[in-house]
Amino acid sequence: MALLTVNGLCAYYRTEVYGISRTVRAVDGVSFELYPNEIYGVAGESSCGKTTLIKVISGNTKPPLKAISGSVDYNFGDYKVDMLQVSQEELRRNIRWKEISYVMQGSMSVLNPVRKIIKTFEDIIDTHERIRDKKKFLEEAQTHVNRLGLPTEVLNAYPHQLSGGMRQRVAIALATVFHPSLISADEPTTALDVVVQRGVLQMVKDIQSESHNTVLLVTHDMAVHANVADRVMIMYAGRIMEEAPTERIFNAPLHPYTQHLIRSLPMIGERSNKASLRGTPPNLANPPGGCRFHPRCPFVMDVCRTEIPELVLVRERHRVACHLVKEGSQ
Amino acid sequence: MLKVIRDLLKYDGRFRIAFIFLIAVVVMIFLSFVSPYDPGKSFVVAMDAPPSLKHIFGTDSRGIDIFWWMTFAVRNSLVMGMITALISRVLAIFVGLIAGYRGGWLDRVLMSINDSFVVLPLLPILILLGFLLRDQMNLFLLGVILGFFGWPYDARLIRSQVLSLKERSFTRTAVYSGTNGFWITFNEHLPFVLPIVFATTINNLLWSIGMEVTLSVLGLSDLTTPSIGTALFWANQHGALVAGNWWWIAAPTLVAIVLFLGLYLLFASINEYIDPRTRLRLIGG
Amino acid sequence: MRQFILRYLIPRFLQFLTIIFVGITVTFIIPRLSPTDPVEAQVSMMMARGESLDPQSVASMRAALTDMYGLSGSPIEQYFAFWGRLFRGDLGPSLANFPAPVSGMIGQAMPYTLSLLIPAVLISWVFGNLFGTWSSYYPKNKILSVVEVLGQAVRPIPYYIVAMVLLVVFAFFIPILPFSGAYDIGTRPSWTLDFILTYLQHSILPAATLILVGFGGWFIGMKSLTSNIISEDYVVYAETTGMKESKILSQYIMRNALLPQITGLAMSLGTVFSGALIMEVVFGFPGIGALTMAAVFRNDYSMIMGIAIYSIIGVAIAVFLMDLIYPLFDPRVRYQ
């Protein structure tokens with residue numbers, strides 16, 4: 001039973017200033033499902049719409065971003081939520097941080113610089129559950145961070161006294177404090193060195209295996225997906241290109257874009273030249289017609305320029321949107 | 001340039017108002033050149049006459065038509081403001097550029113002195129100056145003096161712009177490719193610095209004319225020259241409020257408000273136009 | 001702690017000394033650049049007043065005046081003598097009220113100025129910041145937009161003109177407030193309730209002018225600061241956690257935006273002080289401003305000088321105090 005069902009979601013940025021109006025179609029017809037107890041990766045290059053997708057899913061749409069059409073439906077077992085219709089009050093009281101939490105891009109700066117970490121903890125927890133016993137709260141906070149591998153001293157520090165990696169881990173600790181059903185993490189490992197990256201990823205894996213919740217992991221780094229994700233979805237120019245279990249994506253990618261992404265990863269022992277795609281990422285205010293990837297696709301056909309390929313199921317849990325691949329053909 | 005004005009007129013209400021106000025001011029200035037009355041002569045018309053079609057702002061206790069006197073006043077005040085603006089721009093650019101480019105201890109010393117000037121309570125010092133130079137004081141001298149005190153705030157702004165420009169990649173590229181430092185300043189950086197200089201000039205005008213009004217009202221400038229401040233001074237001297245000649249006070253006050261509001265709105269709307277972040281903020285919703 | 005003292009306290013203290021040094025030096029240089037010789041001016045004024053003196057008395061008076069003005073000796077000697085007298089707190093006697101010492105008279109007038117200045121500054125700062133924050137967090141609010149327009153409209157107008165407008169409106173058209181003096185004529189200053197009440201009544205207009213003009217500046221500054229902060233990561237983050245708006249506004253947005261505003265407050269003290277002086281002139285408040293005007297009127301050179309010096313030192317001290325308070329608000333400065 002799906003935890004989250006997204007159907008035909010379109011979310012655009014609409015701006016109008018000094019007489020110039022522009023619509024950026026960041027998410028344009030996205031449909032997918034999330035299930036409990038999995039790590040779902042979203043991959044794609046910068047400005048393909050990944051961050052916008054996360055924002056809409058976690059109910060963080062602020063003007064000029066608006067969800068234009070489609071649906072985002074959650075099923076938390078005993079109650080269901082339509083994310084596009086739910087009220088801010090309902091979101092604030094029951095859903096945010098209790099059912100879904102969000103680890104933002106650039107988590108280095110998500111902590112209030114003038115407040116100690118423990119105070120930030122207090123702020124967040126107090127929002128959802130009144131803290132009656134101060135002492136008990138402190139103990140629980142300590143246990144929580146310790147369990148995630150952070151020393152207790154972290155609680156008494158100010159953000160600028162911690163390193164980037166520690167702040168990232170604090171952010172994750174904060175996101176998991178209520179054991180939410182869905183944790184969305186946007187580029188949690190970017191701007192961290194590899195050693196710290198490993199620590200963060202390990203933390204994510206441990207949390208997931210312990211609470212059996214769902215983690216939506218967005219990153220352009222395919223190596224991260226290879227490491228932690230169960231299923232991976234490839235996004236390009238606001239649309240889904242391919243979605244499959246991790247192994248399949250890496251061993252038998254079907255979409256030309258995915259193929260290119262996989263091929264460009266360096267592998268031990270390999271010595272071949274890496275080719276890059278021709279062209280540049282599309283302008284989302286004025287995207288190409290038909291398949292959005294067609295200007296850069298090495299296998300482009302005439303139909304690709306005019307008709308949008310549908311996202312079809314070619315094999316169990318494997319979907320592709322490409323005119324080269326027919327439904328059920330694998 | 002014209003396109004910028006057109007855009008602003010269309011979309012920014014503040015700019016529209018500023019435009020109207022400032023056009024009125026400019027009109028007044030031009031009118032001063034065709035004034036039927038000599039501002040130096042008094043008792044040329046009926047005294048204490050309230051505003052009418054013949055005398056738009058009425059006349060005062062010295063037998064002077066207030067409207068035509070004010071046209072000179074506006075012109076003089078603005079000329080003085082320009083003098084201050086010129087001198088302080090030169091100083092501000094000089095200090096700002098040097099501090100920004102050289103950095104190091106020179107920068108620190110300059111900024112320390114700069115901040116001292118910003119913090120200093122100017123009025124007591126200016127009163128001291130006005131007192132001492134009373135006999136020689138005229139609007140030109142006042143403009144020069146204000147120019148020597150009006151640079152620190154803007155010097156700091158220019159300096160921070162220079163600092164951020166220095167770090168930008170295009171500067172480094174120019175330096176690495178061997179471009180002469182002076183050339184970099186002129187060709188690459190000036191287009192960024194000039195808008196700030198322009199915006200701060202307006203702010204500076206606001207400040208200096210405000211100071212002039214204040215000092216003149218206190219009797220510390222050349223009281224025979226028409227200016228917005230001296231108008232108020234004379235009105236007070238002759239007890240205008242008590243005598244019921246409210247128009248004598250109202251006219252310069254009104255003119256001052258129009259001038260200051262016009263300048264300020266111009267400043268605010270241009271500032272916002274220049275700054276890309278505020279543009280983004282305007283978009284929200 | 002040592003780091004803090006080294007990196008923060010000492011530079012701020014040095015800045016404090018610099019301000020005083022620059023200010024006092026400027027005050028020293030200015031009179032010596034002017035063509036007016038205060039000694040001669042004083043002597044001729046006294047003679048014009050009809051006091052007939054024999055040449056010997058005039059000569060000795062000249063010498064005494066020169067000495068008093070610190071004009072004896074070479075410029076360098078004068079400069080050092082100047083500082084010497086400053087340290088001793090000796091600003092010389094007031095010429096108009098000879099031989100009352102200038103410092104004494106300033107000391108008497110200062111409380112009036114401060115009692116006007118400090119509350120007005122605090123009120124305009126606090127409310128300006130508060131409204132500015134609300135205005136950027138609730139951009140569609142109509143009332144806030146009106147407040148913004150009003151604040152912006154008053155802000156560029158010189159203090160004097162705003163004071164005049166208020167004076168005319170509230171003392172003439174709607175005569176509910178007194179327009180002159182700090183207390184009703186005939187009342188003696190004392191710590192009685194009556195005096196306090198009449199004092200408050202008289203301070204409303206001058207304080208209101210200061211507050212109105214200052215409000216717009218803080219409003220706009222805070223609005224632009226907070227609107228930048230609102231898009232900062234930690235605020236967006238706090239919102240995603242579902243935190244209550246009031247908490248986000250106070251602890252996350254305002255506390256961070258206030259930091260530059262505190263610095264701004266320190267920087268603006270000089271300007272506000274000047275504004276307070278003008279208020280006193282317009283509204284007849286017996287503070288430093290009134291003292292200054294009287295001094296100008298009666299050619300009391302040493303008084304004017306003394307006031308200039310006092311103002312510089314006073315503002316420098318206030319700025320330094322604010323510098324000391326700042327670390328309490330910004331932990332980044334506390335723990336380097």
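The values are calculated or read from the model by the stated rules, or taken from the named source; none is laboratory data. Since this is a predicted model, take the numbers as computed values, not measurements. With ideal geometry, Cβ positions are generated from the backbone for all residues, glycine too; neighbour counts draw on all protein chains shown.
If you go through the range A:48-65 and pick out every residue that is surrounded by fewer than 22 Cβ atoms within 10 Å (Cβ to Cβ) and not in a helix (DSSP H, G or I), you end up with 6. Annotation note: of C:Ala109, C:Ala81, the sole residue that is away from every other protein chain (no Cβ under 14 Å), assigned to a helix (DSSP H, G or I) and either modelled with pLDDT of 85 or more or over 17 Å from C:Gly216 (Cα atoms) (or both) is C:Ala81.
Note on the range B:102-132: among residues that are closer than 19 Å to B:Gly81 by Cβ and aliphatic (A, V, I, L, M), the one that is farthest from the chain's Cα centre (by Cα) is B:Leu129.
If you go through the range A:96-113 one residue at a time, do you hit one that is free of Cβ contacts under 8 Å to residues at least 12 places away in the same chain and either among the basic types (Lys, Arg) or closer than 18 Å to C:Ser246 by Cα (or both)? There is no residue in the range A:96-113 that is free of Cβ contacts under 8 Å to residues at least 12 places away in the same chain and either among the basic types (Lys, Arg) or closer than 18 Å to C:Ser246 by Cα (or both). In summary, A:Leu84 fulfils each of the numbered conditions (1) of a type outside the set (S, T, N, Q); (2) assigned to a helix (DSSP H, G or I); (3) farther than 30 Å from A:Ser163 by Cβ; (4) more than 12 Å from every other protein chain (Cβ to nearest Cβ) with the single exception of condition (2). Among the residues of the range B:63-82, is any more than 14 Å from chain C (Cβ to nearest Cβ), β-branched (Val, Ile, Thr), within 26 Å of B:Ala199 (Cβ to Cβ) and crowded, with 24+ Cβ neighbours inside 10 Å? Yes, the range B:63-82 has at least one match. For the range B:1-23, the set of residues classified as surrounded by 15 or more Cβ atoms within 10 Å (Cβ to Cβ) and in a helix (DSSP H, G or I) consists of B:Asp7, B:Leu8, B:Tyr11, B:Arg14, B:Phe15, B:Arg16, B:Ile17, B:Ala18, B:Phe19, B:Phe21, B:Leu22, listed by residue number. Between C:Phe273, C:Phe297, the distinction of being within 30 Å of C:Gln201 (Cα to Cα) and either modelled with pLDDT under 80 or within 13 Å of chain A (Cβ to nearest Cβ) (or both) belongs to C:Phe297 only. Against the criterion of being at pLDDT below 85 and buried (at least 19 other Cβ atoms within 10 Å of the Cβ), A:Ala191 does not qualify. Evaluating A:Thr219 against the criteria (1) in contact with a helix residue (DSSP H, G or I) (Cβ under 8 Å, 6 or more places away or on another chain); (2) on the phi < 0 side of the Ramachandran plot; (3) surrounded by fewer than 21 Cβ atoms within 10 Å (Cβ to Cβ) leaves one unmet condition, (3). Condition (residue is over 27 Å from C:Ser231 (Cα atoms) and in a helix (DSSP H, G or I)) applied to the range C:255-263: is it met by at least one residue? Checking the range C:255-263: not a single residue is over 27 Å from C:Ser231 (Cα atoms) and in a helix (DSSP H, G or I). The set of residues in the range B:42-58 that are closer than 16 Å to B:Thr71 by Cα and surrounded by fewer than 16 Cβ atoms within 10 Å (Cβ to Cβ) comprises B:Ser42, B:Lys54, B:Ile56.
Could you tell me which of the residues A:Ala229, A:Ala237 is under 19 Å from A:Arg263 (Cα atoms) and of a type outside the set (Phe, Trp, Tyr)? So the residue among A:Ala229, A:Ala237 that is under 19 Å from A:Arg263 (Cα atoms) and of a type outside the set (Phe, Trp, Tyr) is A:Ala229. Of all residues in the range B:234-255, exactly one satisfies the criterion of being facing another protein chain (nearest Cβ under 10 Å), among the polar types (S, T, N, Q) and surrounded by 20 or more Cβ atoms within 10 Å (Cβ to Cβ), namely B:Thr253.
Sort out which residues of the range A:138-174 are buried (at least 17 other Cβ atoms within 10 Å of the Cβ) and of a type in the set (Ser, Thr, Tyr), and write them in order of number. Residue satisfying the conditions is A:Tyr158 alone. Is it fair to say A:Thr5 is within 14 Å of another protein chain (Cβ to nearest Cβ) and either surrounded by 14 or more Cβ atoms within 10 Å (Cβ to Cβ) or of a type outside the set (A, V, I, L, M) (or both)? Criteria not met by A:Thr5. Taking the criterion of being more than 19 Å from the chain's Cα centre (by Cα), in a helix (DSSP H, G or I) and loosely packed, with under 14 Cβ neighbours inside 10 Å, the only residue of the range C:312-336 that qualifies is C:Leu328. Flag: C:Leu197 does not match the condition of being in a helix (DSSP H, G or I) and touching a residue at least 40 places away in the same chain (Cβ under 8 Å).
In summary, C:Val146 fulfils each of the numbered conditions (1) β-branched (Val, Ile, Thr); (2) within 28 Å of the chain's Cα centre (by Cα); (3) surrounded by fewer than 24 Cβ atoms within 10 Å (Cβ to Cβ) with the single exception of condition (2). Suppose we keep only residues that are more than 11 Å from chain C (Cβ to nearest Cβ) and assigned to a loop (DSSP other than H, G, I, E, B) within the range B:102-150. Which one would you say is surrounded by the most Cβ atoms within 10 Å (Cβ to Cβ)? It comes out as B:Gly150.
Of everything listed in (1) of a type outside the set (A, V, I, L, M, F, W, C); (2) closer than 18 Å to C:Ala238 by Cα; (3) more than 14 Å from chain C (Cβ to nearest Cβ); (4) free of Cβ contacts under 8 Å to residues at least 12 places away in the same chain, the single unmet condition for A:His179 is (4).
For the criterion of being at the interface with chain C (Cβ under 10 Å from one of its Cβ atoms), modelled with pLDDT of 85 or more and touching a helix residue (DSSP H, G or I) at 6+ places or on another chain (Cβ under 7 Å), B:Val258 fails. Right, C:Leu277: of a type outside the set (Lys, Arg) and more than 15 Å from C:Ile106 (Cα to Cα) or not? In short, no.
The number of residues in the range C:147-168 being in contact with a Phe, Trp or Tyr (Cβ under 6 Å, 6 or more places away or on another chain), of a type in the set (A, V, I, L, M) and either outside any helix (DSSP H, G or I) or closer than 24 Å to C:Ser135 by Cβ (or both) comes to 2.
When the range A:289-330 is examined, which residues are found to be free of Cβ contacts under 8 Å to residues at least 24 places away in the same chain, assigned to a loop (DSSP other than H, G, I, E, B), crowded, with 16+ Cβ neighbours inside 10 Å and on the phi < 0 side of the Ramachandran plot? Listed by number, the residues that qualify are A:Val300, A:Pro309. Among residues of the range A:29-46 that are surrounded by fewer than 15 Cβ atoms within 10 Å (Cβ to Cβ), none has a Cβ under 6 angstrom from a residue that is at pLDDT 90 or above at a sequence gap of 6+ or on a separate chain. Any residue in the range A:114-124 that is touching an Asp or Glu at 6+ places or on another chain (Cβ under 8 Å) and within 12 Å of another protein chain (Cβ to nearest Cβ)? Within the range A:114-124, one or more residues are touching an Asp or Glu at 6+ places or on another chain (Cβ under 8 Å) and within 12 Å of another protein chain (Cβ to nearest Cβ).
Quick grid of which residues meet (1) under 21 Å from C:Gly107 (Cα atoms); (2) in contact (Cβ under 8 Å) with a residue 60 or more places away in the chain:
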{"site": "C:Ser203", "(1), (2)": "yes, yes"}
{"site": "C:Phe219", "(1), (2)": "no, yes"}
{"site": "C:Ala238", "(1), (2)": "no, no"}
{"site": "C:Leu259", "(1), (2)": "no, yes"}
{"site": "C:Leu269", "(1), (2)": "yes, yes"}
{"site": "C:Gly287", "(1), (2)": "yes, yes"}
{"site": "C:Leu291", "(1), (2)": "yes, yes"}
{"site": "C:Val296", "(1), (2)": "yes, no"}
